[in-house]
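Rule-based calculations on the coordinates, nothing more; no lab input. These numbers were taken from a predicted model, which means no experiment stands behind them.
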Amino acid sequence: MKLLDFAKHFDSEEACEKYLKETREKEGIKCSRCGCEKQYWNRCHKRWMCAKCGHETTLRSGTVMHGSNLPLLYWFTAIHLLTSTKKTFSAAEMQRQLGHKRYQPIWEMMHKLRSVWASATQSTILKVQ
Ligand SMILES: [Zn+2]
């Protein structure tokens, strides 16, 4: 996907959430507690709830984005830049591109991405690890 198409497609946090939700549902959501695959989507809380045990699965849980407070848009943009240009970006450069104030969270994001992205593509990075 070209950068312009990417920007058009993922123009908001909501667009990223929608993509992540659809991608994960296509794969099938499985409860990490009981293994049940019947999940109800809770639109207010933006997470799935297990039909059997009530365990919640968030959009990010099990993915590389788990535990991060950064917007999905940051992750999607970083992943796109990394996978489409095949270049390495320093955390400082990524911070500049994203226009984020603090260095530390961006560094952490890049560190996590580097740990998974070696053999991955955009779609596989977004998948559950
Ligand atoms: Zn369950």
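For the residues CYS53, CYS44, CYS36, a GNM of the chain with alpha-carbon springs under 10 Å puts the largest fluctuation on CYS44. Whole-Hz Karplus values for the range 97-112 come out as 4, 7, x, 8, 5, 9, 7, 3, x, 6, 4, 4, 4, 5, 4, 5 Hz, taken residue by residue from phi with 6.51 cos²θ - 1.76 cosθ + 1.60 and θ = phi - 60°; glycine and proline positions read x. The Cα atoms of the chain cover 45, 29, 27 Å along the three principal axes, with the biggest extent listed first. Here LYS101 is the anchor, and the aspartates and glutamates within straight C-alpha reach of less than 20 Å, apart from those fewer than 8 places off in the same chain, are GLU13, GLU93.
Legend: Rg and Dmax of the range 64-121, from Cα coordinates, 10.3, 30 Å. Based on Cα contacts under 8 Å between residues 6+ apart, the chain shows a relative contact order of 22 percent.
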